[in-house]
Amino acid sequence: MFKNTRQAKTNTIISEDEILADMEDLFVVGPTKLKEIVKHFVGELQKGLDHEGATVAMLPSFVTNRPTGKETGSYLALDLGGTNFRVCEVYLEGQSSVRLRQKKFTIPEECKNADGVVLFDFLASSVESFLKDSGVVPSEKELELGFTFSFPVNQTALNAGNLLVWTKGFNCGNTEGKDVVEMLNQAFVRKGLKVKVAALVNDTVGTLMSHAYNDPQTLVGVILGTGTNAAYVEKIENIKKWKGATPASGEMIINCEWGAYDEEKAMLPLTQYDNKLDAESQNPGQHIYEKMISGMYLGEICRNVFLDLIEKKCLFNGYLSEELKKQNSFETAFMSRIERDYSADLSDTKIVLQDLLGVPNTTARDRRIVRRIVELVGIRAARLSACCIAGLVTQMKKLDGCTVAIDGSVFEHYPHFGNRIQDALRELLGIFAENITLALGKDGSGIGAGVIAALAN
Ligand code: BGC
């Protein structure tokens, strides 16, 4: 990690300033690099639109109409893809107004790595429990459901699609390459539930559609949560690989799957800490961009830095706690807490380190180093997110104005994340950044599945 000059200083105590200067060298992404990334990313988008199998997959969603806000009706939606799994009833009331009733379920860890059938049976039981609680008994006619499934899926119709690859810690057997709608419908049949999937939706597409229900300027949906990705409105003539009919609207929402950006590791400013995280992850070599900016990984990048500094006796006086030895023990939620700690002696950071990570007796110097590393990793994530948002707006030629709806725990709860994106957008787009509205699209993935089911009706 340390620069050659500093490495040469054997037996010298490395100062706080020197440590942090080295960290800044590694983690600060300046405006020139940001611009290079945007240019490269736009090139990758084009490749994905041109042919199958590109790194940024650019998957057609089969959603070709945007809502008017006048759609009405009540729709069942199921939302799988992040930390929680939700079953919702979405009431579209018209006049751009929506009501949502939902129940959250925690997915048992063993379900995430079991055979796919186990996971889909769990999903079907959750729907059954939701319907029981609400007193809804599906009658002769099957209940139609919007299924938000937030993993890369090659859709073959609005209600069919094969899972390409698992991400975000899921790794169920006998599922990749299979039609996930069919798997869920079969699980409903096994349960004797009269429910059927009407639309298969990525969470980014759902976020876009849900926000567009009350803001027609919405052209992009982004998730910055456990994982990351975006969807946007593309002209059909730009989707060279599209072999289907031209929809009347002349457009199609594309699920970019931008988490996979730069799997070649040719552009992103990866550090040894990112590479270690990738090598130790469940999907090495995959979803490299996601691993630099999303909630599942940010804490682990910090932990890797801490481990290195501890080993070099530059932090915690060389003390490595049992807790810190464990992979993923430093959660992204701890970063949010530390970034919110404005006390002079970083007293809440002290509590996090002591009570949650088993590191007692930290010095003020230790805590300042920890806080700065957290901040550097958090700022880098926001700035890299801005690159791909700017890339999409550039691709759409919408610098004159559009709304980007964003959902996900990192955007919603990580302090300053939105402002940091906005700052980077200003560096990238200058005055045009003011035309880009970043809006929180809360619960968009579930609501959007309802909106799409309504349009499919
Ligand atoms: C998945 C995407 C999803 C994103 C956000 C990624 O890991 O590949 O399909 O949209 O996470 O949930």
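A single entry from Ser96, Ser129 fulfils the requirement of being more than 16 Å from the ligand (Cβ to nearest atom), over 22 Å from the mean Cα position of the chain (by Cα) and farther than 21 Å from Gly206 by Cβ: Ser129.
Note on region 165-209: among residues that are open to solvent by 50 Å² or more (accessible area, probe 1.4 Å) and in contact with a strand residue (DSSP E or B) (Cβ under 8 Å, 6 or more places away or on another chain), the one that is nearest to the ligand (Cβ to nearest atom) is Glu176.
What residue, among those in region 303-324 that are basic (Lys, Arg) and touching a residue at least 12 places away in the same chain (Cβ under 8 Å), is least open to solvent (accessible area, probe 1.4 Å)? Please lay out each step first, then the result.
So in region 303-324, the residues basic (Lys, Arg) come out as 303, 312-313.
Subsequent filtering for residues that are touching a residue at least 12 places away in the same chain (Cβ under 8 Å) retains 303, 312.
Details: Arg303: 8, Lys312: 80 Å².
Ranking the qualifying residues of region 303-324, first place goes to Arg303.
Quick one: would you say Gly448 is surrounded by 17 or more Cβ atoms within 10 Å (Cβ to Cβ) and either over 20 Å from the mean Cα position of the chain (by Cα) or of a type outside the set (Lys, Arg) (or both)? Talk me through it step by step, then tell me what you get.
Working: surrounded by 17 or more Cβ atoms within 10 Å (Cβ to Cβ): yes; either over 20 Å from the mean Cα position of the chain (by Cα) or of a type outside the set (Lys, Arg) (or both): yes.
It is true that Gly448 is surrounded by 17 or more Cβ atoms within 10 Å (Cβ to Cβ) and either over 20 Å from the mean Cα position of the chain (by Cα) or of a type outside the set (Lys, Arg) (or both).
Inside region 145-164, residues that are of a type outside the set (S, T, N, Q), surrounded by fewer than 18 Cβ atoms within 10 Å (Cβ to Cβ) and either in contact (Cβ under 8 Å) with a residue 60 or more places away in the chain or within 16 Å of the ligand (Cβ to nearest atom) (or both) make up a count of 2.
When Leu356, Leu384, Leu399 are checked against the criterion of being touching a helix residue (DSSP H, G or I) at 6+ places or on another chain (Cβ under 6 Å), without any contact (Cβ under 8 Å) to a residue 40 or more places away in the chain and of a type in the set (A, V, I, L, M, F, W, C), Leu399 stands alone in meeting it.
Against the conditions (1) at pLDDT 95 or above; (2) within 30 Å of Gly53 (Cβ to Cβ); (3) within 16 Å of the ligand (Cβ to nearest atom), Thr332 satisfies every one except (2).
Just one of the numbered conditions (1) among the aliphatic types (A, V, I, L, M); (2) under 30 Å from Cys388 (Cβ atoms); (3) more than 21 Å from the chain's Cα centre (by Cα) is not true of Ala54; which one? Only one criterion in (1) among the aliphatic types (A, V, I, L, M); (2) under 30 Å from Cys388 (Cβ atoms); (3) more than 21 Å from the chain's Cα centre (by Cα) is unmet by Ala54, namely (3). The single condition from (1) of a type outside the set (Gly, Ala, Ser); (2) away from the ligand (no atom under 12 Å from the Cβ); (3) in contact with a Phe, Trp or Tyr (Cβ under 8 Å, 6 or more places away or on another chain); (4) open to solvent by less than 30 Å² (accessible area, probe 1.4 Å) that Thr228 fails is (2).
Take the residues of region 277-291 that are out of contact with any Asp or Glu (no Cβ under 9 Å at 6 or more places or on another chain) and open to solvent by 20 Å² or more (accessible area, probe 1.4 Å): which is farthest from the ligand (Cβ to nearest atom)? Write out each step before concluding.
As a first pass, look at region 277-291 and keep what is out of contact with any Asp or Glu (no Cβ under 9 Å at 6 or more places or on another chain): 278-279, 282-283, 290.
Adding the requirement that they be open to solvent by 20 Å² or more (accessible area, probe 1.4 Å) leaves 279, 282.
Numbers: Ala279: 18, Gln282: 12 Å.
In this case the residue turns out to be Ala279.
Scanning region 402-420 for residues that are open to solvent by less than 40 Å² (accessible area, probe 1.4 Å) and either under 16 Å from Ala231 (Cβ atoms) or under 15 Å from the mean Cα position of the chain (by Cα) (or both) yields a total of 12.
With respect to the stated conditions, Ser294 is touching a strand residue (DSSP E or B) at 6+ places or on another chain (Cβ under 7 Å) and either open to solvent by 70 Å² or more (accessible area, probe 1.4 Å) or among the small types (Gly, Ala, Ser) (or both).
The values are calculated or read from the model by the stated rules, or taken from the named source; none is laboratory data. Computed from a prediction, not measured in an experiment: that's the story for all the values here. Quick reminder, even Gly has a Cβ in these numbers, built from the backbone with ideal geometry, and neighbours come from all protein chains shown. The protein model used for the area step is the full one, side chains on, heavy atoms only, and it has no ligands, DNA or RNA in it. Shrake-Rupley method; radii C 1.70, N 1.55, O 1.52, S 1.80 Å.
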